[in-house]
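Just below is one structure, and these are the notes that go with it.
The values are calculated or read from the model by the stated rules, or taken from the named source; none is laboratory data. Since we're looking at a predicted model, the values are computed, not measured. A quick note on method: Cβ atoms are made from the backbone with ideal geometry, for glycine too, and the neighbour counts reach across all protein chains shown. Remember, those area values only see protein heavy atoms, side chains included, never the ligands or the DNA or RNA. Shrake-Rupley method; radii C 1.70, N 1.55, O 1.52, S 1.80 Å.
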Amino acid sequence: MLRRIRIDIRNMGVLGWILYSSDRVLDRFSAGRMRLWAFRFYAQPISEHPILPASHRRKISVGQVMPGEIDSRLFERPAGAIEERFQAGSICVAARSEEELAGFMWLHFGALRERLVECDFEPTPAGRTCWDYDLEVFPHYRLGRTFARLWDEANRLLRNRGVEASVSWISFWNLASRRAHVRMGAQPVGWMGVLDLFGWKAALQSRWPFLLLARPGRRLHVMVDASRAIAIHRVASSAAASGQSFDRQKPHA
């Protein structure tokens, strides 16, 4: 038992483990009617250059797919979820190897209706940001370049629309994913904790208003500001173009 706890703390961090354990206890003893969620928000600047060279892009085809183009069952998501995403205006970028689905990711412009926590997440500044969510690479393709191919295609689509950063949330206890985002150049842009007690929701967040409340049947509306991450990326890009060094932790924008 103690060994398992030590492994979990190593994988989640101390605070992440405390939050995760609290959610599990609430969920178990309330039959799912009480939950605790904690997120970190990240803004991923849209790269001007592809991750992979053209010579590595032949085996798997990657592109935007239209509603009905891929059998929704292949996504392995709850019934009706894929149709709902398309109806809401989300864009799906999918990687395929012949007729097999290798991976996918979703992009959304404007407020995203999150099913899990019943929140509407809206990235700002409007027109220069979007939301990216549910990036999945199926096990057989995880050791290859599918992940990078998906991001290359997403970046191409977003550049064409004038988007400068995509925003996403990651569970606070998913330390591996948070570190992976940072390695890709993503900037942390806030955090949020949501306590749901029998449908009554209270959220504490890192920006004003710091406390959000919603009664049963109502949704929380959460603004996530990526302005600082966009400014840092602009300064870093300018510095790189002029051959100067730049410390992302100390921007002067």
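Given the conditions (1) surrounded by 14 or more Cβ atoms within 10 Å (Cβ to Cβ); (2) over 19 Å from the mean Cα position of the chain (by Cα); (3) more than 25 Å from Asp27 (Cβ to Cβ), and given that Pro209 satisfies all but one, which numbered condition is not satisfied?
The single condition Pro209 does not satisfy is (1).
Quickly run through the stretch 20-47 and pick out the residues that are under 20 Å from the mean Cα position of the chain (by Cα), open to solvent by 40 Å² or more (accessible area, probe 1.4 Å) and of a type outside the set (Ser, Thr, Tyr).
We begin by selecting, within the stretch 20-47, every residue under 20 Å from the mean Cα position of the chain (by Cα); these are 20, 36-47.
Now narrow it down to the ones that are open to solvent by 40 Å² or more (accessible area, probe 1.4 Å): 20, 40.
Answer for the stretch 20-47, where residues must be under 20 Å from the mean Cα position of the chain (by Cα), open to solvent by 40 Å² or more (accessible area, probe 1.4 Å) and of a type outside the set (Ser, Thr, Tyr): just Arg40.
Please state which of the following conditions Gly68 fails to meet, knowing it meets all the rest: (1) at negative phi; (2) assigned to a loop (DSSP other than H, G, I, E, B).
For Gly68, the failing item is (1).
Of all residues in the stretch 82-114, which are within 25 Å of Phe138 (Cβ to Cβ) and either small (Gly, Ala, Ser) or loosely packed, with under 12 Cβ neighbours inside 10 Å (or both)?
Gln87, Ala88, Ser90, Ala94, Ala95, Ser97, Glu98, Glu99, Ala102, Gly103
Within the stretch 176-201, restricting attention to residues that are buried (at least 17 other Cβ atoms within 10 Å of the Cβ) and part of a helix (DSSP H, G or I), which residue is modelled with the lowest pLDDT?
His181
Those residues that are modelled with pLDDT under 95, out of contact with any helix residue (DSSP H, G or I) (no Cβ under 9 Å at 6 or more places or on another chain) and not basic (Lys, Arg), I need them from the stretch 128-149; list them, please.
Of everything in the stretch 128-149, those that are modelled with pLDDT under 95, out of contact with any helix residue (DSSP H, G or I) (no Cβ under 9 Å at 6 or more places or on another chain) and not basic (Lys, Arg) turn out to be Pro139, His140, Leu143, Gly144, Thr146.
Just to be sure I understand, how many residues within the stretch 61-89 are within 20 Å of Asn155 (Cα to Cα), of a type in the set (S, T, N, Q) and free of Cβ contacts under 8 Å to residues at least 40 places away in the same chain?
1
Condition (residue is more than 26 Å from Gly162 (Cα to Cα), of a type outside the set (S, T, N, Q), open to solvent by 30 Å² or more (accessible area, probe 1.4 Å) and touching a Ser or Thr at 6+ places or on another chain (Cβ under 8 Å)) applied to the stretch 65-81: is it met by at least one residue?
no
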